Amino acid sequence: MHILVTNDDGVTAPGLAALANALRELGLGKVTVFAPDHNWSVSGHVKTLHKPLRVRPAHLSDGSEALTSDGAPSDCVALALLGVIKEKIDLVVSGINPHPNLGHDVTYSGTVTAAMEAVIGHVPGIAVSMDTNRHPDYGPAARIGARVAREALARGLPPYTLLNVNVPGLPENEIKGARVTRQGLSVYRDQLVERDDPRGQPYFWIGGEAPTGKEEDGTDFAALAAGYVSITPLQLDLTAHDRIAELQNWKL
Ligand SMILES: [Mn+2]
C-alpha cells in the first residue's frame with residue numbers, strides 16, 4: 001500500500017511529521033509526504049489554474065524527506081494523483097491540523113478539502129484534526145489517525161466519501177473512545193473590524209471570537225465535548241435531497 005500524507009499548515013508543521021511517523025510505525029506500506037510550502041489554513045477547496053506550480057524537495061520538522069509545492073493542499077493532492085508522484089496512491093491522509101474541523105468548518109478547511117480532492121481523484125481520503133489548545137501532544141491524534149487509515153485501507157470507502165476525524169485535546173488515557181457522528185452546526189462569532197491604513201484608506205478584517213458549535217446528540221461537536229474521537233463520513237454530494245420535490249413545484 002502507498003499512503004500520501006499532506007496538510008494545510010505547511011510542510012514544516014509538527015502535526016504533519018507526527019502523522020507520517022505514526023503511519024510508518026503501523027507498517028501499512030510506503031508513506032510519501034507532499035505538503036504546501038506555507039500555511040494554507042482556512043483556504044477552502046482550491047484548484048490553481050492560472051499560474052504554474054513548482055514542486056521541490058523539502059524536509060519535515062523531524063528532518064525526514066518530503067515534497068513541497070507553492071500550491072494549496074488540494075493542489076498538492078491533485079498534482080500527486082495526476083502523476084507528479086509516479087507510484088499509485090491507495091490512500092490520502094491530511095493533517096494533523098492543530099485545531100478541530102467541525103460542523104461548517106469543513107468547506108473552509110484546507111485539511112478537509114485536501115481529503116475532498118483525494119476522493120475526487122478516486123482515492124479514499126481522511127482528514128485528521130485535534131484540539132492542541134487543550135492538549136499540545138500530537139501523539140494520540142497521530143496514532144488514532146493511523147488506526148483509522150488502517151481500517152480504511154482494509155475495508156475501503158464508498159466512492160466520493162471521506163472521513164473527517166477530530167480528536168479531543170486530552171491525554172490518550174482520558175480519551176473515552178470513538179463515535180461515528182454527523183456534521184453539527186457551527187456558531188461563528190465573526191466581527192467586522194474596520195480601520196484606516198497609513199494613507200487614510202479604510203480596510204476591513206474579519207475578527208471576533210473563535211467559533212463554537214451546537215453540541216446536539218450524534219454530532220461531531222457533542223462527541224468531542226464528551227471526550228470522544230469524532231469520525232464523520234462526508235460526501236461531496238451537497239444536494240438537499242428532501243427539497244427537490246418542493247422546488248419542482250415552483251413556477252420556473
Ligand atoms: Mn491548518
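Every number here is computed from the coordinates shown, using simple stated rules; none is lab data. Just so you know, these numbers come straight off a predicted model, no measurement behind them. Every residue, glycine as well, gets a Cβ built from its backbone with ideal geometry; the counts of neighbours run over all protein chains shown.
Counting other beta carbons within 10 Å of each residue's own, what order do TRP40, TRP250, TRP205 fall into, fewest first?
Ranked by crowding around the Cβ, least crowded first: TRP250, TRP205, TRP40.
Would you please classify the overall shape of the chain from the alpha carbon gyration tensor, given that a ≥ b ≥ c denote the square roots of the eigenvalues, rounded means a/c under 1.5, and beyond that prolate means a/b larger than b/c while oblate covers the rest?
rounded
I'd like the trypsin sites (Lys or Arg not before Pro) in region 110-179 restricted to DSSP loop residues with at most 15 other Cβ atoms within 10 Å, sorted by number.
Qualifying residues, ordered by number: ARG134, LYS176.
Which percentage, to the nearest 5, of the DSSP beta bridges contained in region 1-110 is antiparallel?
The antiparallel fraction comes to roughly 30 percent.
How large is Rg/Rh for region 72-162, to two decimals, with Cα atoms and a Kirkwood Rh?
Checking Rg against Rh, the ratio lands at 0.97.
Normalised by the number of residues in region 183-248, what is the relative contact order in percent for Cα pairs under 8 Å and 6+ residues apart?
Relative contact order of region 183-248: 28 percent.
Based on alpha-carbon centroids, what's the gap between region 124-168 and region 41-90 in Å, whole number please?
About 20 Å separates the Cα centre of region 124-168 from the one of region 41-90.
Please tell me the relative contact order of the chain in percent, rounded to the nearest whole number, where contacts are Cα pairs under 8 Å and at least six residues apart.
In percent, rounded to a whole number, it is 17.
Within region 146-170, name every residue whose backbone N is under 16 Å away from a label modeled 7 Å from Cα of LEU238 along the Cβ vector.
Only 161-162 pass the distance filter.
I need two numbers for region 110-252: Rg to one decimal and Dmax as a whole number, Cα atoms only, in Å.
Looking at region 110-252, its Cα Rg and Dmax stand at 19.3, 60 Å.
Taking 0.36 nm per residue of separation and subtracting the Cα-Cα distance, what length does fully extending ASN39 through ASN173 add?
Contour length minus the Cα-Cα distance gives 45.1 nm.
What do the square roots of 5 times the Cα gyration tensor eigenvalues come to for region 1-143, in whole Å, largest first, as semi-axes of the equivalent ellipsoid?
So the equivalent ellipsoid measures 20, 18, 14 Å along its semi-axes.
Zone of LEU185 (label point 7 Å along Cα→Cβ, backbone N under 17 Å): which residues in region 197-239?
Under 17 Å, as judged by backbone N against the label point of LEU185, lie 211-223 of region 197-239.
Work out, step by step, the length gained on full extension between THR48 and ASP196: first 0.36 nm times the residue separation, then minus their alpha carbon distance; give nm to one decimal.
Result: 50.1 nm gained on full extension.
Using a 10 Å cut-off around each Cβ, can you sort HIS104, HIS38 from fewest to most neighbouring Cβ atoms?
The fewest-first ordering by Cβ neighbours comes to HIS38, HIS104.
Once the piece of chain linking ALA245 and GLU25 is laid out straight, how much longer is it, given 0.36 nm per residue of separation minus the C-alpha distance between them?
Fully extending the segment from ALA245 to GLU25 adds 74.2 nm.
Filter the trypsin sites (Lys or Arg not before Pro) in region 1-94 down to the DSSP loop ones having no more than 15 other Cβ atoms within 10 Å, then list what survives.
Answer by residue number: LYS47, ARG54, LYS86, LYS88.
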